[in-house]
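The values are calculated or read from the model by the stated rules, or taken from the named source; none is laboratory data. Owing to the predicted nature of the structure, the values given are computational and were not obtained by experimental measurement. Quick reminder, even Gly has a Cβ in these numbers, built from the backbone with ideal geometry, and neighbours come from all protein chains shown.
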């Protein structure tokens, strides 16, 4: 009789132990599975978008910073500006060089070297036109330098705003509102006004 009770007690202990072990194994497997899922969802850290990098790229090669900022549509505009100012520099420099040579021929009285298109112009007019073309060339050079700086500044600003979130939830609503106003304790007035609501 005692042996039967002892066997029952041993069987009960074995069942309890097996049950607890099964629960432990089950919870352990759940933890391992959850860790695998969490590890799979971990994405590599995004590379920080650097305004300094964008500025240096546009300084080395204009338009490269705009490409770094994914503003590819700005690259043709950048090179169109450089092309226009470069053409102006070339054109005004050519005119200045031609007028300077003509002016020297006039001073040296080298009539065989005179250009026909300046035949009706006096020496003073040629000198004035030469100085005008020189100023135009210098202004074109300044514009080219400014455009180069604008190219760099634009790349830096776009890089700063690269991670700026402009979502559809950002909105501004204007609606009329009527608020009571009490100038004194005896009477009250209702005045219309406007209410501005900014949603993020």
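Residue 97 meets the stated requirement of being in a helix (DSSP H, G or I) and either within 30 Å of residue 62 (Cβ to Cβ) or touching a residue at least 24 places away in the same chain (Cβ under 8 Å) (or both).
Determine which member of the set 115, 129, 107 is buried (at least 17 other Cβ atoms within 10 Å of the Cβ) and farther than 30 Å from residue 50 by Cβ. Give the derivation first.
Working: 115 fails: buried (at least 17 other Cβ atoms within 10 Å of the Cβ); 107 fails: buried (at least 17 other Cβ atoms within 10 Å of the Cβ).
Selected residue: 129, the only one of 115, 129, 107 that is buried (at least 17 other Cβ atoms within 10 Å of the Cβ) and farther than 30 Å from residue 50 by Cβ.
Conditions tested, residue by residue: (1) within 22 Å of residue 89 (Cβ to Cβ); (2) outside the structural domain of residue 101 (by TED's automatic domain parsing); (3) touching a helix residue (DSSP H, G or I) at 6+ places or on another chain (Cβ under 8 Å).
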residue: 113; (1), (2), (3): no, no, yes
residue: 122; (1), (2), (3): no, no, no
residue: 126; (1), (2), (3): yes, no, yes
residue: 131; (1), (2), (3): yes, no, no
residue: 146; (1), (2), (3): yes, no, no
residue: 151; (1), (2), (3): yes, no, yes
residue: 154; (1), (2), (3): yes, no, yes
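Say we look at segment 40-57 and pick out the residues that are part of a loop (DSSP other than H, G, I, E, B) and modelled with pLDDT of 50 or more; which of these is farthest from residue 160 (Cα to Cα)? Here the residue is 47.
Pairs linking a residue in segment 115-129 that is more than 13 Å from residue 105 (Cα to Cα) to a residue that is part of a helix (DSSP H, G or I), with Cβ atoms under 6 Å and 6 or more positions apart or on different chains, are 129/99. Annotation note: Cβ proximity below 6 Å between a residue of segment 59-75 that is in the same structural domain as residue 148 (by TED's automatic domain parsing) and assigned to a loop (DSSP other than H, G, I, E, B) and a residue that is modelled with pLDDT of 95 or more and surrounded by 11 or more Cβ atoms within 10 Å (Cβ to Cβ) (sequence gap 6+ or interchain) occurs for 62/78; 62/151; 63/75; 63/78.
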